[in-house]
Ligand SMILES: C[S@@+](CC[C@H](N)C(=O)[O-])C[C@H]1O[C@@H](n2cnc3c(N)ncnc32)[C@H](O)[C@@H]1O
């Protein structure tokens, strides 16, 4: 079977029990380990534990874990996965998270974590379709502890809670959003880039976002976690760069090379020309281009034919990155 990028990202190390559908919903190892560190405590309850990847990570940082799921089949896989991983401090509970008898069993939990189920097919994500129901969960488990963390679909724009919104990326792709309530809330918005556990947090003070209408000598691609967490002002201040926002393409730019863990890639700008064949081909030849990496939005089915079109006839030796801002082409080299 050919594995897609997403599957490779999630593929667990050990020989654990899972189907491809289980894997679609399961927490990637890097995310599970990161959250287990952040939510380290004595007793934690993992509600909607599925096949147990997050619960197993919690078991390594917490004294005791309750792993709860409605689905007996998934819970059996979670038990087997814990056994394969040599984990002995998980108590498995099968039942509905909102059943008062189930809630009673988890009454000594210090922290409640929940990764709710989303319907597999939905045009847009909404709070109402998450299972268990988040509003009811907050109410019911709020009687046990105020320390609650919930994984949330990052596509939901309106989050009607007072909580920290932590956007996580793995290898530069947006992966998770976790909401932290009450004492678990450290700030309003945060971004974490994995691996590496790099963190960026919203400031209490209002920071003016520095922008540049002109593209300067260096261009940076921004980690989507920082973009989703609306941390551009913080990132610009920290990195001493300015936002270059054309046609809703959000980049940073600077005269001198800057480094930041929330810059996915840095480029040296070689030339700006009109995005039209004759001037672009001439500029690519002058830049000694051989391979062209397209850095603009394009239908994936057309990527290679478009790339081959720009590469045909090039005789240089360099890999050039091609950006498109409105009708302007930017020719750049990766730094
Ligand atoms: C997104 S999956 C969790 C994946 C898990 N974090 C992992 O790492 O494998 C959501 C889980 O919530 C469970 N679930 C849905 N509604 C529930 C409810 N009312 N009570 C308990 N579990 C529920 C589903 O059976 C499913 O296994």
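Just so you know, all these numbers are worked out from the coordinates, no wet-lab data involved. For clarity, every value in this text was computed on a predicted model and none was experimentally measured. Neighbour counts run over all protein chains shown; Cβ positions are idealised from the backbone, glycine included.
Numbers at a glance
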read-out	value
Gyration tensor verdict on segment 285-335 (Cα atoms; rounded if a/c is under 1.5, prolate if a/b is larger than b/c, oblate otherwise)	oblate
Convex hull (Cα only) mean projected area of the chain, reported in nm² to one decimal	19.1 nm²
Cα-based helix-to-principal-axis angle, 29-38 vs the chain, degrees rounded to 10	60 degrees
Nearest-0.05 FRET efficiency for residue 278 and residue 198, computed from C-beta distance (R0 45 Å)	0.55
Mean Cβ count within 10 Å, highest first, over the residues of peptides 28-38, 297-307	28-38, 297-307
Crossing angle, helix 72-84 versus the chain [Cα axis fit, 0-90 degrees, rounded to tens]	80 degrees
Residue among 52, 313, 172 with the largest mean-square fluctuation in a Gaussian network model of the chain, springs linking Cα atoms under 10 Å	313
Residue among 241, 253, 145 with the largest mean-square fluctuation in a Gaussian network model of the chain, springs linking Cα atoms under 10 Å	145
Segments 207-214, 150-157 sorted - mean Cβ within 10 Å per residue, highest first	150-157, 207-214
Cα→Cβ-extended label distance, 7 Å offset, between residue 216 and residue 333, nm	2.1 nm
Percentage relative contact order, the chain, counting C-alpha pairs under 8 Å, at least six apart	10 percent
Bridge type composition, the chain - antiparallel percent by DSSP, nearest 5	60 percent
Listed peptides 320-332, 77-89 by packing density, highest first (mean Cβ within 10 Å)	320-332, 77-89
Potential lengthening between residue 128 and residue 108 on full extension [0.36 nm per residue; Cα-Cα distance subtracted]	4.4 nm
Segment 124-152 and segment 71-108: distance between their alpha carbon centers, rounded to Å	18 Å
Length added when fully stretched, residue 312-residue 256, from 0.36 nm per residue minus Cα-Cα	16.8 nm
Of 58, 113, 181, the one that fluctuates the most in a GNM where the chain has Cα springs shorter than 10 Å	181
Stretch gain in nm, segment residue 99-residue 146, where the contour uses 0.36 nm per residue and the Cα spacing is subtracted	15.0 nm
Cα-projected label distance for residue 173 with residue 24, points at 7 Å along beta-carbon direction, nm	1.5 nm
